[in-house]
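A short write-up of the structure that comes next.
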Amino acid sequence: QVRLVESGGGLVQAGASLRLSCAASGRTFSRYYIGWFRQAPGKEREFVAAISWSGGQTYYADSVKGRFSISRDNAKVTVYLQMNSLKSEDTAVYYCAADEIIGMIKVGRSDYWGQGTQVTVSS
(Lines give C-alpha, C1' and ligand atoms only; values in the text may rest on other atoms or scores of the structure.)
Protein backbone atom coordinates (compact mmCIF):
# COMPACT_ATOMS: atom_id res chain seq x y z
CA GLN A 1 0.00 0.00 0.00
CA VAL A 2 1.35 3.40 -1.01
CA ARG A 3 1.86 5.84 1.82
CA LEU A 4 2.76 9.51 1.47
CA VAL A 5 3.63 11.55 4.56
CA GLU A 6 4.15 15.29 4.38
CA SER A 7 6.08 17.34 6.89
CA GLY A 8 7.78 20.70 7.24
CA GLY A 9 4.84 23.06 7.37
CA GLY A 10 4.60 25.90 9.84
CA LEU A 11 4.02 29.58 10.48
CA VAL A 12 6.44 32.01 8.87
CA GLN A 13 6.55 35.67 7.94
CA ALA A 14 6.27 36.91 4.40
CA GLY A 15 9.58 36.66 2.57
CA ALA A 16 10.75 33.65 4.55
CA SER A 17 11.47 30.14 3.29
CA LEU A 18 10.21 26.68 4.16
CA ARG A 19 11.05 23.22 2.89
CA LEU A 20 8.31 20.63 2.76
CA SER A 21 9.05 16.91 2.63
CA CYS A 22 6.99 14.07 1.21
CA ALA A 23 8.20 10.66 2.34
CA ALA A 24 6.94 7.87 0.11
CA SER A 25 6.71 4.16 0.88
CA GLY A 26 4.88 1.05 -0.14
CA ARG A 27 6.20 0.38 -3.62
CA THR A 28 8.87 1.18 -6.15
CA PHE A 29 8.31 4.68 -7.46
CA SER A 30 10.61 4.59 -10.48
CA ARG A 31 7.70 5.07 -12.89
CA TYR A 32 5.83 7.55 -10.76
CA TYR A 33 5.41 11.28 -10.67
CA ILE A 34 5.17 12.99 -7.31
CA GLY A 35 3.29 16.26 -7.14
CA TRP A 36 2.49 18.98 -4.65
CA PHE A 37 -0.91 20.61 -4.35
CA ARG A 38 -2.29 23.20 -2.02
CA GLN A 39 -5.74 24.17 -0.84
CA ALA A 40 -6.52 27.46 0.85
CA PRO A 41 -9.71 27.98 2.87
CA GLY A 42 -12.67 28.47 0.58
CA LYS A 43 -10.64 27.75 -2.55
CA GLU A 44 -10.22 24.78 -4.83
CA ARG A 45 -7.21 22.55 -4.66
CA GLU A 46 -4.41 23.94 -6.82
CA PHE A 47 -1.49 22.22 -8.57
CA VAL A 48 1.87 23.57 -7.39
CA ALA A 49 4.68 21.41 -8.75
CA ALA A 50 5.57 17.88 -9.79
CA ILE A 51 8.64 15.78 -10.53
CA SER A 52 9.22 12.52 -12.31
CA TRP A 53 10.95 9.98 -10.14
CA SER A 54 13.05 8.47 -12.91
CA GLY A 55 14.23 11.41 -15.00
CA GLY A 56 13.77 14.32 -12.68
CA GLN A 57 11.61 16.32 -15.08
CA THR A 58 9.94 19.13 -13.19
CA TYR A 59 6.69 21.00 -13.63
CA TYR A 60 5.54 24.17 -11.92
CA ALA A 61 2.44 26.30 -11.69
CA ASP A 62 2.99 29.81 -12.99
CA SER A 63 2.18 31.23 -9.57
CA VAL A 64 5.24 29.62 -8.00
CA LYS A 65 7.82 29.60 -10.82
CA GLY A 66 11.04 31.19 -9.70
CA ARG A 67 10.13 30.91 -6.01
CA PHE A 68 9.49 27.19 -5.44
CA SER A 69 11.74 24.31 -6.34
CA ILE A 70 10.90 20.59 -6.32
CA SER A 71 13.53 17.91 -5.94
CA ARG A 72 13.86 14.28 -4.93
CA ASP A 73 16.21 12.11 -2.90
CA ASN A 74 16.14 8.61 -4.32
CA ALA A 75 17.93 7.07 -1.36
CA LYS A 76 15.44 8.52 1.12
CA VAL A 77 12.45 8.05 -1.22
CA THR A 78 11.50 11.61 -0.40
CA VAL A 79 10.41 14.57 -2.50
CA TYR A 80 11.04 18.09 -1.31
CA LEU A 81 9.36 21.39 -2.05
CA GLN A 82 11.65 24.32 -1.31
CA MET A 83 9.55 27.45 -0.96
CA ASN A 84 11.30 30.81 -1.01
CA SER A 85 10.02 34.38 -0.89
CA LEU A 86 6.79 33.20 0.65
CA LYS A 87 3.72 35.39 0.33
CA SER A 88 0.50 35.51 2.32
CA GLU A 89 -1.31 34.01 -0.67
CA ASP A 90 0.83 30.88 -0.31
CA THR A 91 -1.05 30.10 2.91
CA ALA A 92 -2.74 26.73 2.46
CA VAL A 93 -2.66 23.08 3.35
CA TYR A 94 -0.05 21.44 1.13
CA TYR A 95 -0.53 17.88 -0.05
CA CYS A 96 1.70 15.54 -1.97
CA ALA A 97 0.31 13.06 -4.45
CA ALA A 98 1.62 10.19 -6.55
CA ASP A 99 0.56 8.81 -9.91
CA GLU A 100 2.10 7.13 -12.93
CA ILE A 101 0.56 9.68 -15.28
CA ILE A 102 1.61 13.32 -15.14
CA GLY A 103 -1.73 14.40 -16.55
CA MET A 104 -3.53 12.88 -13.60
CA ILE A 105 -1.18 14.66 -11.25
CA LYS A 106 -1.78 18.04 -12.83
CA VAL A 107 -5.56 17.80 -12.67
CA GLY A 108 -5.55 16.53 -9.11
CA ARG A 109 -6.80 13.04 -9.87
CA SER A 110 -3.85 11.14 -8.50
CA ASP A 111 -4.18 7.66 -7.15
CA TYR A 112 -2.46 8.42 -3.86
CA TRP A 113 -2.49 11.38 -1.48
CA GLY A 114 -0.87 12.36 1.77
CA GLN A 115 -2.67 13.86 4.75
CA GLY A 116 -1.37 17.40 4.22
CA THR A 117 0.74 19.91 6.11
CA GLN A 118 -0.32 23.45 6.98
CA VAL A 119 1.69 26.41 5.74
CA THR A 120 0.75 29.82 7.10
CA VAL A 121 2.47 32.98 5.90
CA SER A 122 1.85 36.11 7.91
CA SER A 123 2.14 39.50 6.24
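The values are calculated or read from the model by the stated rules, or taken from the named source; none is laboratory data. All values derive from a computational prediction rather than experimental measurement. Positions of Cβ are backbone-derived with ideal geometry, glycine not excepted, and every protein chain shown enters the neighbour counts.
For the reader, a short list of remarks on this structure follows.
- Some residue of region 56-68 being loosely packed, with under 13 Cβ neighbours inside 10 Å, touching a Phe, Trp or Tyr at 6+ places or on another chain (Cβ under 9 Å) and not aromatic (F, W, Y): yes
- Wholly within region 1-55, strands (runs of 3 or more DSSP E) carrying at least 3 residues that are closer than 15 Å to I105 by Cα and among the aliphatic types (A, V, I, L, M): 46-52
- Number of positions in region 8-27 that are surrounded by 13 or more Cβ atoms within 10 Å (Cβ to Cβ), in contact with a strand residue (DSSP E or B) (Cβ under 8 Å, 6 or more places away or on another chain) and over 13 Å from T91 (Cα atoms): 7
- The listed residue being modelled with pLDDT under 95, within 19 Å of A23 (Cβ to Cβ) and not small (G, A, S), out of I70, I105: I105
- Selection count, region 28-53, where residues are over 14 Å from A97 (Cα atoms) and surrounded by 13 or more Cβ atoms within 10 Å (Cβ to Cβ): 1
- Selected residue (criterion: surrounded by the most Cβ atoms within 10 Å (Cβ to Cβ)) from residues of region 69-123 that are of a type in the set (S, T, Y) and in a loop (DSSP other than H, G, I, E, B): S110
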